[in-house]
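> My questions all concern the structure below.
The values are calculated or read from the model by the stated rules, or taken from the named source; none is laboratory data. Just so it is clear, the model here is predicted, and its values are computed rather than measured. No Cβ is skipped: glycine too gets one built from the backbone with ideal geometry, and neighbour counts run over all protein chains shown. For accessibility, only protein heavy atoms count, side chains too; no ligands or nucleic acids. Shrake-Rupley method; radii C 1.70, N 1.55, O 1.52, S 1.80 Å.
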Amino acid sequence: MDWQIVVTTASASAVISALVSGFVARRNSERAIQIENITKERAKWRDKIREHATDVHRAAIERNYAKLSELRLSLRLNLNPTDKEDRAILNAISGLQESKPLDTDVPREFWDRLALCLKHDWDRAKRE
């Protein structure tokens, strides 16, 4: 066996190993940064939804229908328009606008659906 071939093969193997491990390290680093940024943005989103929910509650108690419409629009822009449960949250706000003395089941439905939405997002963030 020729030593030059052994040295060349060993050198090539070392270079390939270094390139592969560098690629893997870079990919892992990029993925960690991406997950961190997504997690931060989701936390901001959950805070914004909680704030809007509190405003919805206040507007419903005050019977401020214009404010409820504005908040419904704002939530509509922050929720998933294709998700059945998110649309149900928006329908619950419409129910708040339509219920003429404030029915206690309507706000409860809004709060329950919104709590489930936030819980689902929290669980998804934890998995990542």
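> Which one of the conditions (1) small (G, A, S); (2) in contact with a Leu (Cβ under 6 Å, 6 or more places away or on another chain); (3) closer than 23 Å to H120 by Cα does A32 fail to meet, given that it meets all the rest?
So A32 meets the others, but not (2).
> If T39 meets every condition in (1) closer than 30 Å to R127 by Cα; (2) at pLDDT 90 or above; (3) among the hydroxyl-bearing types (S, T, Y) apart from one, which number is that one?
If we test T39 against (1) closer than 30 Å to R127 by Cα; (2) at pLDDT 90 or above; (3) among the hydroxyl-bearing types (S, T, Y), just (2) comes out false.
> If the Cβ limit is 8 Å and pairs must be 6+ apart or interchain, which residue in the range 36-48 that is touching a residue at least 40 places away in the same chain (Cβ under 8 Å) pairs with which residue that is acidic (D, E)?
I38/E128; T39/E128; R42/D121; W45/D121; R46/D121
> I'd like to know if the range 73-90 contains one or more residues that are touching a Leu at 6+ places or on another chain (Cβ under 6 Å) and either of a type in the set (A, V, I, L, M) or not in a helix (DSSP H, G or I) (or both).
yes
> Okay, moving on. Considering each of V15, V6, V20 in turn, give the residue that is of a type in the set (A, V, I, L, M), over 26 Å from K126 (Cβ atoms), open to solvent by less than 60 Å² (accessible area, probe 1.4 Å) and in a helix (DSSP H, G or I).
The unique qualifying residue is V6.
> Answer yes or no: is there a residue in the range 56-67 that is touching a residue at least 60 places away in the same chain (Cβ under 8 Å) and either farther than 14 Å from E128 by Cβ or among the hydroxyl-bearing types (S, T, Y) (or both).
no
> Now for a separate question. Here is a check on your reading of the model: is E30 in a helix (DSSP H, G or I), touching a residue at least 24 places away in the same chain (Cβ under 8 Å) and out of contact with any strand residue (DSSP E or B) (no Cβ under 6 Å at 6 or more places or on another chain)?
no
> Would you say R58 is out of contact with any Pro (no Cβ under 8 Å at 6 or more places or on another chain) and open to solvent by 60 Å² or more (accessible area, probe 1.4 Å)?
Here the answer is yes, as R58 does meet what is asked.
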